[in-house]
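Structure first, then comments.
We did not get these values from a lab; they are worked out from the coordinates using the rules stated. In this text the structure is predicted, and so the values were computed from the model without any measurement. Cβ placement follows ideal geometry from the backbone for every residue including glycine, while neighbour counts extend to all protein chains displayed.
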Amino acid sequence: MGKLDKPVLELLKDSPEPLSLSEIALNLEEPKKAVYRTLKRLFEKGKINTKGSKYSLLK
């Protein structure tokens, strides 16, 4: 598990709607590149969903 996995998952859990890469990076004050790698890993593990350019937790 990467250092951003938990913060990203918590942010998506608390968000009423899906968030974009930019919104996640801004909220976590982390570089987009690091957030993108985290989102890719979480998606591949089946923990999050993506629709277009927005990310959300799998229900």
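Once segment 45-59 is narrowed to residues that are more than 18 Å from Met1 (Cβ to Cβ) and surrounded by 10 or more Cβ atoms within 10 Å (Cβ to Cβ), the residue that is nearest to the chain's Cα centre (by Cα) is Ser56. Remark: Leu9 falls outside the filter, which requires a residue to be surrounded by 17 or more Cβ atoms within 10 Å (Cβ to Cβ) and of a type in the set (A, V, I, L, M).
Go through segment 18-33 and give me each residue that's under 16 Å from Ser53 (Cα atoms) and in contact (Cβ under 8 Å) with a residue 12 or more places away in the chain.
Step one: list which residues in segment 18-33 are under 16 Å from Ser53 (Cα atoms), which gives 18-26, 32-33.
Answer for segment 18-33, where residues must be under 16 Å from Ser53 (Cα atoms) and in contact (Cβ under 8 Å) with a residue 12 or more places away in the chain: Pro18, Leu19, Ser20, Leu21, Ile24.
Candidates in segment 14-44 are the residues that are more than 10 Å from the chain's Cα centre (by Cα) and within 14 Å of Lys59 (Cα to Cα); of these, the one that is surrounded by the most Cβ atoms within 10 Å (Cβ to Cβ) is Ser15.
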